1. What is the gain in length, in nm to one decimal, between residue 455 and residue 109 on full extension, counting 0.36 nm per residue of separation less the C-alpha to C-alpha distance?
2. Which peptide among 343-352, 109-118 comes first, and what is the full order, when sorted by highest mean count of other Cβ atoms within 10 Å?
3. Distance from the Cα centre of segment 77-100 to that of segment 374-409, in angstrom?
4. Which order results if 377, 294, 466 are arranged by neighbouring Cβ count within 10 Å, fewest first?
5. Take the alpha carbon atoms of segment 301-361, find their center, do the same for segment 126-176, and report the distance between the two centers in whole angstrom.
6. Which of the three applies to segment 372-416, rounded, prolate or oblate, going by the alpha-carbon gyration tensor with a ≥ b ≥ c and a/c under 1.5 meaning rounded?
7. Would you order 371, 241 from fewest to most other beta-carbon atoms within 10 Å of each residue's own beta-carbon?
8. In deg cm²/dmol and to the nearest 500, what is the mean residue ellipticity at 222 nm of the chain if only DSSP H runs of at least 4 residues count, each as -39500 (n - 2.57), divided by the residue total?
């Protein structure tokens, strides 16, 4: 009977023509990441609200582990498969953001307890959501106890500011924003940091680290760091922050064993293009992709983002350009979800949260209904269901000022994305040399299926809008006699079930 079942499955596959994506094929490039600043997301436990002041943008606002646990279903329903959390270690006063470490082994009491964090990780895993922790090994907080320890004076570099950003030695040894800079070349410091990083994995079962301030730490440290932490847990993911505009400079750190990077060059282009109309899309998109393919062994795992906690929010950029932020966000999000790479959505983007420079870009989350929540959910579903968007190559089919059409193709899966970044409706024709064969374009957001006409496929896009199409064979355009093959599939299944029951009855 097992052989019969397998044969039936093979027959069903042949009849339906649907590609089967095996679970074992799932990699980090299939993930979609939601980025949370723990203190500013959700207050689930008021008992840990020490010195909370919602009127002070530089004070704690009450977000905690319990708040995130309470919102895990909300995050999953939007289609996110991983959560990146800002640092959770114990910070010195006013360190609501997590980047002023006071104790590398303790949990920040404003966020909850170690047990509550472990519960958060487990509850996320129960929902097939991975947890990525932000980890800082470049510096400590301004008042770290080691600064007053005579035995640890050589654990820090000299108190010198970073004055020459083109001088790598100064970048690595100078104090970023005056924060005490750790000396990773000191064997004791190195051992401490490596042991600490491995301990958090062993203790909490987190799935990855977002590595803060990568370019301020020597590459030889990162090489050992990557080897050590990956020895603790299979498929452990490292995504680094190399805040630099030169793609080659960023990519050089991939040689250390860090798997991925938040793609600042992508961010620079995406926010420039979509925060205002009439910007050219196609040639820059193709250029980014070709560049990344030449620089990285796996460019599909680079982190695409349009918002983060260090820059003014995309909404503010749109407002400054006198644009409707929701309209602009929809275009930018469509681009981010359909371009090669892992989409990273900063909390609040789904409600079009406004915000200027730090700390205004870190406002407390407001869980109100917003049309962008369902829009992001749809984008998440499309990305999950179509491997072309996670594994496929990119080809720009149409490239005009303000309008573009591009395809993502992986095996038999083909997704077409059309974008109108102008203030006028646009008609776009895809000719036979762009899309061959008799196919039809099934829209994701709209309801009008586009069939091939004499001149090709005619796409009409309203101003400042985009559409995602699934390219499928159009059986209506063939001269062959079609057959409702799903009836045949159902019939075969019914025959199989009846046969099984007959055989079973004979053996009773």
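1. The span from residue 455 to residue 109 would gain 118.0 nm if fully extended.
2. 343-352, 109-118
3. A separation of 30 Å, based on Cα centres.
4. Going from sparsest to densest Cβ surroundings: 294, 377, 466.
5. Distance between centres, Cα-based: 28 Å.
6. Details: a/c = 3.46, a/b = 1.18, b/c = 2.93.
It comes out oblate by the Cα gyration axes.
7. 371, 241
8. On the way: 15 runs with 168 residues, N = 508.
Mean residue ellipticity at 222 nm (helix-derived): -10000 deg cm²/dmol.
None of the figures in this text is laboratory data; all of them are computed from the coordinates on show. These numbers were taken from a predicted model, which means no experiment stands behind them. Neighbour counts are summed over all protein chains in view; Cβ atoms, including those assigned to glycine, are modelled from backbone coordinates with ideal geometry.
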